[in-house]
1. Counting only other residues whose beta carbon sits under 13 Å from that of Tyr237, what net charge do I get with K and R as +1, D and E as -1?
2. Note the full-extension length gain between Tyr502 and Glu436 as 0.36 nm times their separation in residues minus their Cα-Cα distance, in nm to one decimal.
3. Show me, for the range 63-77, the HN-Hα J-couplings you get by feeding each phi into the Karplus relation (A = 6.51, B = -1.76, C = 1.60, θ = phi - 60°), rounded to Hz, glycine and proline as x.
4. If each residue of separation counts as 0.36 nm, what is the full-extension length gain between Gln191 and Leu149 once their alpha-carbon separation is subtracted?
5. What pairs in Lys439/Lys561; Lys524/Lys561; Lys34/Lys69; Lys546/Lys568; Lys291/Lys420 have C-alpha atoms more than 27 Å from each other?
6. Determine, for Trp403, Trp503, the number of other Cβ atoms within 10 Å of each Cβ, and report the residues in order from fewest to most.
7. With a ≥ b ≥ c taken as the square roots of the eigenvalues of the C-alpha gyration tensor of the range 514-585, please select rounded if a/c is under 1.5 and otherwise prolate if a/b is larger than b/c or oblate if it is not?
8. Using a Förster distance of 41 angstrom, determine the FRET efficiency expected from the C-beta separation of Val405 and Ser219, and round it to 0.05.
Amino acid sequence: MCVLAGNGYLAAQDAIDFWSDNSLSENTLLVEKKRADSLISLVSENYFNQGSYAAGIVQELYKIAYRTKDADLFVQCVYWDALVEYSQHNDQNLLANRIDSLMQIPALIENPHNLLLLNYASALSNLAYGNFPSAFRRALEAYRKAVELDDRRLIVETATTLGNIGPYIQDYELSRYYYQIALQQCPPNTQKSYQIQINYSRLQFLEEKYDSAAMTIQSVLPSVIQAKDSSMLGVCYLNLGSYIAAQGERDSAYRLYMKGIDVLHNTDNNNVKLILLGNIGNYFRYKENYKEAIRYYSKAREIALEDSNVNMYASIAYELSILFAQQGLTDSSYLYLQEYNSLNSRIQQPQTLDSYKSYVDMVMELSENQIQLSKQAASLKTKQMVIITVTAAGIIVALFLLWLVAMERRRSMRQTVLLKEIENKELTDQLGHEQEIKKLQEEKMDQKIREITSYSLLLANKNNLLKVIENLASKAEKETSNQNCLQIKRLVDENLHMDGDYWQQFVGHFTQVNPHFFDNLKQKFPDLTANEIKLCAYIRIGMSSKQIAQMLNLSPESVNKNRYRLRKKLGMEKDETLDELIASL
């Protein structure tokens, strides 16, 4: 049986055959095992602070697993690979699909602890990628297996991850429930317990309990400082700054952000650095110090580009769009908004979670655990107590299942409403910004349209005046046969029919407002004549038939006939209007 390896050292064509005999001596195997244990210890110490260094160690572990053909070590490599990927917020989704394939191989999952690690690795990889439904499902399976195996460390890890997923699916109660389990199982006054409390403060912040969130961070901050964990301290300064900024204390928040940048100087936890740089840029933008804001945004974009962090790169593009809009630089603002939308469309994917199913899974898990505990306790009592306990549990489960059926529709509706609210909020925020930019652009376009219309009407009035003069000259010529009248009539006639220069000027102004109109018109309707194209342009700027007649030196009746012929050429239905069709081009 061959197994494709993970994320770095082994390419897709390489494989580990765990069923074949390895040719290494016992002494060599012992040395390799000791080295693997040492490397695992290094990864455990550095995966959060020094992600790149930890990733390199993981690749060394893959090499050892390859040489020793050790299936258990290989699974540990996959687990640490996913943990490093998640800790550094890598959104490339390099592992999730491979892990799913590995979980189909009996030799890898016959050990229940390996199945636990693979499920948890899959949860972390999907969470880093933003695939929350798969992350939740895998994390819940890993948590159940950890409880079954009574693996306290992984109970804490998986429960913490389930708590982290809660806010992404708008289920704060679920998040709080698993954070409490993690804190109960985690030894107090350890770095892991501080990490759980920091994550819990984020939940309080999302619930708009800003004071409580700040107090939670402040309660662990002295211990984190004493532990000299740079990355965790940077996260503390970042979160505390965000919490007090939400209460209006922006200057204090800025000082905390700068502290965070300082403590992260010798780490490569770039995700926290990116968020800090973005927040500092936001602070200077709020202070209208646009030069400094751009400087910090640019630093963030450089790091995001180096790390291929598309999410953060798109986020900074959005902030730059807002910055230029505040300065009235609508062209630059629009360019960054386009960049944001382009990047966002690549990384967004349908990520819905059947909240009701997840909730039922969680409750049934708890129910099963409670029944199991009841059975274990009942085994120490008399047979009569066993019967009573089982009967009572059966009644409770039956009532509970009835309640679940009654609550199914309500739960489903609640999830639908929550998802709709999230979509509406995102749309409202983006639409508000786009409308602000659109308003500025429309004002500029209105000015251009007024210029075109005024210019066109002026020419129409000129043509009309020349026509009157021509008629008077013709009349005078008949009455007097004056040579001057003939000359006036000739000059008027020349001016009435020399509109080439005007049309080129009109096209120049018109194209600034409607840059693709003529191209779209000619592409869709290549048989249109030059006069029909002119007629379309005049209709596009809202000129009446009378005004168009003056522009084209025709009678209003002729213009109406031309409009009728144009409708036929454009293949329009009876219920369609010519103005609406031309406006859509």
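Quick note: the coordinates plus some simple rules give every number you see, no bench work behind them. This one's a predicted model, so the numbers in the text were calculated from it and none came from an experiment. Neighbour counts run over all protein chains shown; Cβ positions are idealised from the backbone, glycine included.
1. Numbers: positive: Arg255, Lys259, Lys273; negative: Asp229, Asp262.
Here the charged neighbours net out to +1.
2. 20.3 nm
3. Per-residue couplings from phi come out as 4, 5, 4, 5, 5, 8, 6, 9, 5, 5, 5, 4, 5, 4, 4 Hz.
4. Numbers: separation 42, 0.36 × 42 = 15.12 nm, distance 2.37 nm.
Stretched out fully, the Gln191 to Leu149 stretch lengthens by 12.7 nm.
5. Lys439/Lys561; Lys291/Lys420
6. Working: Trp403 11, Trp503 16.
Ascending number of Cβ neighbours within 10 Å: Trp403, Trp503.
7. Values: a/c = 1.55, a/b = 1.30, b/c = 1.20.
It is prolate, given that a/c is not under 1.5 and a/b is the larger ratio.
8. Values: r = 43 Å, r/R0 = 1.04.
Efficiency computed from Cβ-Cβ geometry: 0.45.
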